[in-house]
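Presented below is the structure to which this report refers.
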Amino acid sequence: MPPSSLATATASRRQALLAGAASAALVLPARARSPHPSTKGTQAMSTITTQDGTQIYYKDWGPKDGKVVSFSHGWPLSADAWEAQMYHLASHGFRCIAHDRRGHGRSSQPWNGNEMDTYADDLHALFTQLDIRGAMLVGHSTGGGEVARYIGRHGSARVAKAVLMGAVPPIMLKSANNPVGLPMEVFDGFRTAYLADRAQFFLDVASGPFFNFNRPGAKVSEGLIRSWWTQGMMSGHKNAYDCIKAFSETDFTEDLKRFDVPTLIIHGDDDQIVPIQGAALLSAKLVKGAELKIYKGGSHSLGDTAKEQLNADLLAFARA
């Protein structure tokens with residue numbers, strides 16, 4: 001091969017190698033590209049570790065000196081479910097913190113501890129490690145139970161206000177003492193469908209009753225359905241299964257009676273997942289001085305289907 005051709009071929013091979021290396025650098029994680037990656041302009045994943053070794057992921061948005069608003073998500077979702085509310089309040093000067101419950105989202109998937117006492121203890125561990133004080137606690141669905149159990153179990157020393165939105169308290173399960181609850185057959189049906197094909201079960205829930213997309217004339221959002229399904233599929237298989245029992249059978253009556261901070265209870269009157277008759281209407285009677293707001297025609301997912309109204313109500317209550 002002539003020298004000129006050899007030089008040209010060598011240069012071409014060098015360019016190909018450089019291009020390949022650049023492509024690999026875009027694909028590989030930072031730690032795989034270099035044993036000592038630069039941390040300039042990057043932020044480590046935010047987690048705490050609980051006493052049993054579970055890692056809890058959390059988001060911390062807004063000014064660090066702002067008043068804290070914490071968000072507890074519903075089943076089987078993650079902190080991502082609260083992004084619209086977190087962005088809104090953080091944009092108005094509040095420090096917004098939302099964690100992925102154990103076994104959900106980006107948190108660890110421990111075999112044990114998938115019940116309300118431990119959920120509340122995990123939230124307490126987060127508040128303790130971040131030294132959170134004077135927080136407004138906001139809980140949706142299962143997260144509302146988490147908020148109730150937190151106050152019942154750990155008191156309100158770190159709490160200034162509470163919001164229960166589409167929340168499961170006082171108890172979802174029907175019994176002689178709770179005739180307006182849902183029968184056990186409903187939750188057994190959840191478990192059966194979950195074990196049979198949890199991916200399809202999650203899709204069915206998101207496509208229908210969660211957002212009220214099964215109502216006549218509903219404006220269906222494929223994006224919301226996919227987001228819900230994706231968050232659900234990130235949950236641990238056993239964790240989400242165990243959580244069905246936690247959100248349906250836990251009695252929060254005594255927890256609600258211990259509330260001693262201003263409390264706002266928000267619920268849609270067409271909530272198909274947590275019907276208002278056995279939830280908000282009863283909780284409002286148990287929490288002393290609670291304010292009840294009912295969203296006419298509101299679904300279970302008011303953070304999405306009534307976003308502007310919910311954002312405005314949360315901001316007004318946080319500022320009050």
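Taken about its Cα centre, region 245-296 carries a charge dipole of about 140 debye when Lys and Arg each add +1 at the Cβ and Asp and Glu each add -1 at the Cβ. For the chain, the longest principal axis of the C-alpha atoms and the axis of helix 3-27 are separated by about 10°. When the helices of the chain are scored as -39500 (n - 2.57) per DSSP H run of n ≥ 4 and the total is divided over every residue, the value at 222 nm lands at -14000 deg cm²/dmol.
By the rule of a C-alpha distance below 16 Å, with chain neighbours fewer than 8 residues away ignored, the lysines paired with LYS219 are LYS307. Note on LYS64: aspartates and glutamates with a C-alpha under 18 Å away, same-chain residues under 8 apart excluded, are GLU83, ASP131. Here's how it looks for SER107: its modeled amide H is under 5 Å from those of TYR57, which are all 5 or more places away or on a different chain.
A Förster radius of 45 Å combined with the Cβ-Cβ distance from MET233 to LYS285 puts the calculated FRET efficiency at roughly 0.75.
Taking neighbour counts of Cβ atoms within 10 Å as a proxy for exposure, in what order, fewest first, do ARG95, ARG106, ARG101 appear?
Final ranking by Cβ density, sparse to dense: ARG106, ARG95, ARG101.
Sorting ILE273, ILE294, ILE244, ILE266 by the number of Cβ atoms found within 10 Å of their own Cβ, with the fewest placed first, yields ILE294, ILE244, ILE273, ILE266. Ranked by the mean number of other Cβ atoms within 10 Å per residue, highest first, peptides 205-218, 133-146 order as 133-146, 205-218.
Between the amide H of VAL138 and those of SER70, PHE71, SER72, VAL163, distances stay under 5 Å, these residues lying 5 or more places away or on another chain, with hydrogens modeled in the peptide plane. Take the Cα of ALA218, step 7 Å toward its Cβ, do the same at ALA84, and the gap between the two points is 1.5 nm. Rounded to two decimals, the Cα-based Rg/Rh of region 47-319, with Kirkwood Rh, is 0.93. Computed about its Cα centre, the charge dipole of region 47-319 is approximately 520 debye, with only Lys, Arg, Asp and Glu carrying charge at their Cβ. Only aspartates and glutamates eight or more places from LYS161 in sequence, or on another chain, were considered; those with a Cα closer than 14 Å are ASP260, GLU291, ASP313.
As a rough footprinting exposure proxy, the listed residues LEU224, LEU164 were ranked by other beta carbons within 10 Å of their own, and the order from fewest upward is LEU224, LEU164.
Readers should treat all values here as calculations from the given coordinates under stated rules, not as data from a laboratory. Computed from a predicted model, the values in this text were never measured in an experiment. Backbone-built Cβ (ideal geometry, glycine too); neighbour counts: all protein chains shown.
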